[in-house]
């Protein structure tokens, strides 16, 4: 009997492992919707209809947000331990270099997120997704739907969802009184060109993170 139970347990474990796919390379596109909580037009409304695309290749990631205002990309190169933010808004073009310590500090509010898992499911892009409620250290909460069938090997690109046991397919992010919702619209596991993670060589003002913070003041 013990042998039978062990065989059944190993069989179930093998099936679960087979169903779960680790992503080392691929592209995940999200549609972005922003609710300002007001009927009046606000600056954030211009981000409605924006897209956020994640490119993964081993220890490298690129998150590219495109809106009517312009494009902002965050490139993390784990092989070189470097982070760069590329901003392209009209004629204003910047490359902001960050150290890993500065990146962690900038994302401090999204660190140490704890998740409570809810017994609810829904299907997004053909993947069965499970519901989780994330809680920030501030006490604020947000909802995320994730699929355990896809597990990114590199989770640096999405700081707030790093502790999830799968890929976030739909999640919320609060900016003041505004609620931003990201919903996966396309997933491709095809190879990503290495050039996608290269920085522009000309036409951009290069700044340190400290310099960029001073420019905002």
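Some observations on this one:
- Output for the range 135-150, where each listed residue is outside any loop (DSSP other than H, G, I, E, B) and closer than 15 Å to residue 108 by Cα: 135
- Residues (modelled with pLDDT under 90 and under 19 Å from residue 59 (Cβ atoms)) located in the range 159-188: 159
- Residue match in the range 53-71 (condition: part of a loop (DSSP other than H, G, I, E, B), more than 22 Å from residue 169 (Cβ to Cβ) and modelled with pLDDT under 95): yes
- Within the range 116-139, the set of residues being touching a helix residue (DSSP H, G or I) at 6+ places or on another chain (Cβ under 9 Å) and surrounded by fewer than 19 Cβ atoms within 10 Å (Cβ to Cβ) comprises 136, 137, 138.
- Residue pairs whose Cβ atoms lie under 7 Å apart, separated by 6 or more positions or on different chains, with the first residue in the range 85-103 and farther than 18 Å from residue 214 by Cα and the second surrounded by 17 or more Cβ atoms within 10 Å (Cβ to Cβ) and at pLDDT 95 or above, are 100/83.
- Tally, over the range 104-126, of residues that are within 21 Å of residue 140 (Cβ to Cβ) and not in a strand (DSSP E or B): 10
- Filtered residues of the range 140-167 (kept if more than 27 Å from residue 72 (Cβ to Cβ) and touching a helix residue (DSSP H, G or I) at 6+ places or on another chain (Cβ under 7 Å)): 149
- When we screen 28, 76, 23, 124 for residues that are more than 27 Å from residue 211 (Cβ to Cβ), modelled with pLDDT of 95 or more and under 15 Å from the mean Cα position of the chain (by Cα), the only hit is 28.
- Here is the figure for the range 104-126: residues that are touching a residue at least 60 places away in the same chain (Cβ under 8 Å) and within 22 Å of residue 156 (Cβ to Cβ) total 1.
- Within the range 151-179, tally of residues that are assigned to a strand (DSSP E or B), in contact with a strand residue (DSSP E or B) (Cβ under 7 Å, 6 or more places away or on another chain), touching a residue at least 60 places away in the same chain (Cβ under 8 Å) and surrounded by fewer than 20 Cβ atoms within 10 Å (Cβ to Cβ): 3
- Any hit, the range 32-39, residues being at pLDDT 90 or above and either closer than 25 Å to residue 134 by Cα or loosely packed, with under 14 Cβ neighbours inside 10 Å (or both): yes
The values are calculated or read from the model by the stated rules, or taken from the named source; none is laboratory data. Computed from a predicted structure; not experimentally measured. In this analysis, Cβ positions are derived from the backbone assuming ideal geometry, glycine residues included, and neighbour counts consider all displayed protein chains.
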